[in-house]
Amino acid sequence: MAVAIKKEKTKFAPVKEVLSEKDHANYTKFQDTSKLEWFCRTSNHKKFKSHSLLKAVRNPTETRIETQTLYFTDLTNGKCGLIQLLYSSVMGGIYKGFQLNFKIFKASSEENSEEDIDIWESFKIDNIKDFDTLKVESDNVTFHFVPLENSSSSGFAQLLIKIDIPKGSTSCLLKDLKVDITVNLQEGFIINPDGSNYYLDKSISLEELAKRDSSSTSRKMIRHVFVPRGFCNGTISYKKNDKPVKLDLKDTPMLYLDAVQGLIPNKAASKWNFLCFNGEKRSMMCIEFTRTKEYGSTTVTIWAVSDKDKILEVGSSVNDHAVKFPSTKEDKQNGWKYPTSISFPRGFEESNLRLVNRYDIMSELPAFIRSIAENLANMKPFIYQFCQKSKFDDDEGVSIIESTFIN
């Protein structure tokens, strides 16, 4: 008598794996601004079709969060930072809005130096005058992608960032924030089929999963678009404790990351790891997330190595758990064991992590979202951010590393 074989099923459709040069068809390099468009803006004008792969997916998802983040690393003075524009639409638009996140820190400490004071500020962005696919403009903030006519050593596009927030936030630490920088973006990439990992409401067979293509679309997803190397020019100024501070960026290396979450953060992932290394000759980036138990605790890792104007290597893996913590320290307040040393793919290791920020995510959420999240079990999200001088591929530079724990 024939015995029925139970087919293995999954509720998660990850990006494709890139484990060697023969997998080059599993990722796409790009040099056009269409990949940089605000996904939350463009998706509002598209109908999400239900294909055979995803018949079981409920439509639509009620929550969407998108961030456009610029990480910059000034190798001349060791100052690093991020400028992030965050758009969120929660519960079908009950809450909807933009937030600007700004951070400055150093790669090394100098005893009793005021320069070592960490800056992390968040501002709610009101009075949006223009929200288009490549541009967000308000009274105080502009993020604008401008394509260059001919791709060259100057890159394929520029990101123009202008910020003028004279009153600062409720914090007494930072006031009169002004940013005027031009970012030349080099080659970018996404992991195929479309940079997205999809979350399914009902399990499908692995055979059906293997047949998916870029037309298989769900609104429950995590999507990443990367420009792992580029250069910033311009100025950043603010008053710290009423003392003026000015940063002059001259061909400062950077990483640009566009990230979309089509479901609330505690459903999207239980933890994240991130690396941005910039040296004189090389850049190395990595992002890794582990899904919640509901979706099988799958781990997805994506990394890339670049030189001055092109991507040299792209990799991605599923369930390889490529980021490892050789040593950890327990946070007595919340119980998380954050890394004191860490290893990433491609041989990048940092044995002496220098903690520059321990960030309670819940404390910065808008009150409406926080009231929902506080009612969810095991929600105690923290970011541990590190910055130090590092070496990679015989190149000296600075690394920004983040480990995030959610539930």
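The values are calculated or read from the model by the stated rules, or taken from the named source; none is laboratory data. Quick caveat, the model's predicted, so the values are computed rather than measured. Cβ sites come from the backbone with ideal geometry, for glycine too, and all protein chains shown count toward neighbours. The protein model used for the area step is the full one, side chains on, heavy atoms only, and it has no ligands, DNA or RNA in it. Shrake-Rupley method; radii C 1.70, N 1.55, O 1.52, S 1.80 Å.
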Would you check if there is a residue in region 328-340 being assigned to a strand (DSSP E or B), surrounded by fewer than 18 Cβ atoms within 10 Å (Cβ to Cβ), among the basic types (Lys, Arg) and without any contact (Cβ under 8 Å) to a residue 40 or more places away in the chain? yes
Tally up the residues in region 290-306 that are over 18 Å from ASN192 (Cβ atoms) and assigned to a loop (DSSP other than H, G, I, E, B), please. 4
Options SER169, SER205, SER196, SER214; residue that is within 30 Å of ALA269 (Cβ to Cβ), within 21 Å of the chain's Cα centre (by Cα) and modelled with pLDDT under 95: SER196
Condition first: open to solvent by 10 Å² or more (accessible area, probe 1.4 Å) and of a type in the set (Gly, Ala, Ser). Now tell me which residues in region 191-209 satisfy that. SER203, SER205
In the list SER138, SER122, which residue meets the criterion of being surrounded by 15 or more Cβ atoms within 10 Å (Cβ to Cβ), within 27 Å of LYS243 (Cβ to Cβ) and among the hydroxyl-bearing types (Ser, Thr, Tyr)? SER122
Any residue in region 22-38 that's closer than 14 Å to PRO193 by Cβ and open to solvent by 40 Å² or more (accessible area, probe 1.4 Å): show its pairings with residues that are in a loop (DSSP other than H, G, I, E, B) and of a type in the set (A, V, I, L, M) at Cβ separation under 9 Å, as long as the two are six or more apart or on different chains. TYR27/VAL15
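Conditions (1) part of a strand (DSSP E or B); (2) within 17 Å of the chain's Cα centre (by Cα); (3) surrounded by 16 or more Cβ atoms within 10 Å (Cβ to Cβ), marked per residue:
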| site | (1), (2), (3) |
| --- | --- |
| GLY230 | yes, yes, yes |
| GLY234 | yes, no, yes |
| TYR238 | yes, no, yes |
| LEU275 | yes, yes, yes |
| MET285 | yes, yes, yes |
| GLU288 | yes, yes, yes |
| LYS308 | no, no, no |
| GLY315 | yes, yes, yes |
| ALA322 | no, no, yes |
Within region 195-202, does at least one residue satisfy the condition of being assigned to a loop (DSSP other than H, G, I, E, B) and within 23 Å of ASP23 (Cβ to Cβ)? yes
Residues in region 356-365: is at least one modelled with pLDDT under 95 and assigned to a loop (DSSP other than H, G, I, E, B)? yes
Pairs where the first residue, in region 173-194, is aromatic (Phe, Trp, Tyr) and the second is open to solvent by less than 30 Å² (accessible area, probe 1.4 Å) and at pLDDT 95 or above, C-beta under 7 Å, 6+ apart: PHE189/PHE30; PHE189/PHE226; PHE189/ALA304; PHE189/ILE311; PHE189/VAL314
Please determine whether any residue of region 102-112 is modelled with pLDDT of 90 or more and farther than 30 Å from LEU75 by Cβ. no
